[in-house]
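Everything below concerns the one structure shown next.
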Amino acid sequence: MAYDVTVIGSGPGGYVAAIRAAQLGLKTAIIEKYDTLGGTCLNVGCIPSKALLDSSEHYHNAAHTFATHGIKLDKLKVDMPQMIKRKDEVVSQTCQGIDFLMKKNKIDVFKGLGSFINKNKIKITAKDGSTQEIETQKVIIATGSKPTPLPGVAIDKKRIITSTEALNLKEVPKTMVIIGAGVIACEMGSVFARLGTKVTMVEFLDSMIPSMDKTMGKELQRALKKLGMEFYFEHKVTSAAAKGNAVAVVAESRKDPAKTVNLTADYCMVAIGRSPYTEGLGLENAGVAKDERGRIQVDGHLQTNVPGIYAIGDVVKGAMLAHKAEEEGVFVAETIAGQKPHINYLLIPNVVYTWPEVAAVGYTEEELKAQNKAYKAGSFPFKALGRARASMDLDGVVKVLADKVTDEILGVHIIGPRAADMIAEAVVAMEYRASAEDIARMSHAHPTFTEAMKEACLAATANRALHI
Ligand code: FAD
Ligand code: NAI
């Protein structure tokens, strides 16, 4: 069997690359070692986590805000097996959607571990040990990532878990310690805290979601505290040990290592980042190089050091996001087909699906300061909006950063209701290099949450927000 393009890995990077390659008339194969297509994102990432976030949000509202809305419920109860079953159904339907897309685009799907025999020959080893070989002109490596382990903490997948196991817990834990206060900690922590778990986060740095604009972390911390979460910042976990149905976690203060914190919980989830996944790929057989962090090294065209072999998504440098992987999939397929595509990495939005949601695009205020860039900032709180009062979603703010001289929007940071959807306006505005005044002068439907974006742009342009 001979192909123009073979994609290894069927996550959002891989399957999108395969579809675009097939659309461009290239004979395409895709190899996936798991039973279902869709990768981390569909099976154990974006989709199942959002399904549980939505379910737990409904429960939380039923328990805490329905009465104020004039809706009374008796005997409210969490049915965890049903919640997990619904999540599994969402995952299964979404994965089947990828099967359909592969068939529709006449992409050959191979189930098994893909490994290089040489740069143009790939071996596929199925679960039963049987093997087959295919020949290919080009290869796109899209093998994704896996949770980063923490030295001294043995993940037993029962009591000491990662997000993968957290998505399948059969009970609502009474207590959970989460190592890390990044995006997985905030999202999965929200799921369980809303269902009644006492969640404690232990974070190495001095704030949550530390790579985002500092205002976002501060606001999010306030919102998550309302769910009863506790936080230890600037603390380093030195050990976690499971004993029976409990886990004992020890963390030491980074400021004063003599001070330690001892925590006990039903579960401990490790969420300290993800690492590129290249095990079993046989990169050495094709001579593909990795960088110092174990990522596949690529140039500006996402081509590895071996001509004809490309790599995309979590396994290469850059943000570990599904939509970043997708853009790279399209980019490489089009490059192989002889086109000259482009990705504007600055304008890949970043979203945390807590409630309130956090969404951002462009530079943070800290980055602009570090660049010595002359900028101005405008903010607008959701609580000043009629729409937010109507839905009782008063927490949060839109912050717009614009060039002090030209007024061009340089960054937009939103924490608030529907921030994940609202950020699209900022992406479009920045892609077309709009000024804050451009957005401020456009009509935004009333009453909507998007009015906060217009008002923040008014504030950034000339400190002339109308409703505050
Ligand atoms: P992956 O999706 O990891 O897919 C790689 C695939 O390659 C896997 O199926 C793997 O089995 C397969 N594979 C590996 N090696 C081989 C081999 N040798 N042969 C054959 N197959 C192989 N991102 C967002 O943008 N939004 C979110 O809301 C979001 N939520 C997330 C929630 C969680 C809990 C997690 C863990 C991640 C989340 N992410 C989210 C990140 C997102 O899932 C990843 O950025 C994305 O899946 C990366 O896509 P990818 O195609 O590079 O790799
Ligand atoms: P993360 O990088 O978001 O957060 C990890 C956190 O752990 C950081 O704050 C870091 O300072 C901290 N940390 C690192 N080592 C530590 C230690 N030894 N002790 C205590 N804290 C420590 O990584 P996370 O949350 O694991 O998620 C992995 C990736 O998955 C993210 O980078 C993100 O790209 C992706 N993801 C995206 C989502 C989204 O887009 N909504 C949702 C979930 C995951």
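Some observations on this one:
- Under the shape rule built on the C-alpha gyration tensor, where the axes satisfy a ≥ b ≥ c, the range 1-64 is prolate, since a/c reaches at least 1.5 and a/b is greater than b/c.
- Overall form of the range 251-381 per C-alpha gyration tensor (a/c, 1.5; a/b vs b/c): oblate
- Unit charges at the beta carbon, dipole of the range 327-468: most positive-side option, PRO447, VAL351, ALA434: PRO447
- Mean residue ellipticity, 222 nm, helices only, the chain: the sum of -39500 (n - 2.57) across DSSP H runs of n ≥ 4, divided by residue count and rounded to 500, is -10000 deg cm²/dmol.
- In the range 339-386 the Cα-Cα distances spread across 10 Å bins starting at 0 as 18, 36, 34, 11, 2 percent of all pairs.
- Shape class of the range 160-272 from the Cα gyration tensor (axes a ≥ b ≥ c, square roots of the eigenvalues): oblate, since a/c reaches 1.5 or more and a/b does not exceed b/c.
- What you get for the chain, charging only the Cβ of Lys and Arg (+1) and of Asp and Glu (-1), is a dipole of about 740 debye around the Cα centre.
- A cut-off of 5 Å between modelled amide H atoms, ignoring neighbours fewer than 5 places along the same chain, links GLN137 with TYR3, ASP4, VAL5.
- For the range 391-401, the Karplus equation 6.51 cos²θ - 1.76 cosθ + 1.60, evaluated at θ = phi - 60°, returns couplings of 9, 6, 10, 8, 6, x, 7, 10, 10, 10, 10 Hz by residue, with Gly and Pro reported as x.
- Within the chain, percent of DSSP bridges classed antiparallel, to nearest 5: 60
- Listed from fewest to most Cβ neighbours within 10 Å, the set CYS457, CYS268, CYS41 follows the order CYS41, CYS268, CYS457.
- The charge dipole of the range 85-175, taken about its Cα centre with unit charges on the Cβ of Lys, Arg, Asp and Glu (plus for the first two, minus for the last two), comes to roughly 160 debye.
- The packing ranking, built from the mean of other Cβ atoms within 10 Å per residue, places the peptides 132-143, 342-353 in the order 132-143, 342-353, highest first.
- Cα convex hull of the range 356-462, projected area averaged across orientations, nm²: 5.9
- The length gained on full extension between GLU234 and LYS106, counted as 0.36 nm times the residue separation minus their Cα-Cα distance, comes to 40.9 nm.
- Taking θ as phi - 60° and the Karplus parameters 6.51, -1.76 and 1.60, the scalar couplings of the range 185-198 work out to 4, 5, 6, 5, x, 5, 3, 6, 4, 5, 7, x, 6, 7 Hz in sequence order, x denoting glycine and proline.
- Sites THR148 and VAL78, calculated FRET efficiency, Cβ-Cβ separation with R0 45 Å, nearest 0.05: 0.90
- Pairwise Cα inverse-distance average, inverted: Kirkwood Rh of the chain (Å): 23.9
- Size of the range 153-221: Rg and Dmax of its alpha carbons, in Å, are 12.4, 36.
- Computed from backbone phi, the HN-Hα couplings of the range 61-73 come to 5, 4, 7, 10, 10, 4, 4, 5, 6, x, 10, 9, 10 Hz, rounded to whole numbers (Karplus: 6.51 cos²θ - 1.76 cosθ + 1.60, θ = phi - 60°; Gly and Pro given as x).
- Entry for the range 48-195 at q = 0.10, 0.19, 0.20 Å⁻¹: log10 I(q)/I(0) = -0.57, -1.20, -1.25, Debye formula applied to identical alpha-carbon scatterers, no solvent contribution.
- Highest average packing first - 393-400, 52-59, 149-156, 307-314, Cβ atoms within 10 Å: 307-314, 393-400, 52-59, 149-156
- In summary, the convex hull built on the alpha carbon positions of the range 225-291 has an orientation-averaged projected area of 8.2 nm².
Quick note: the coordinates plus some simple rules give every number you see, no bench work behind them. Note that this is a predicted model, so its numbers are computed, not measured. With ideal geometry, Cβ positions are generated from the backbone for all residues, glycine too; neighbour counts draw on all protein chains shown.
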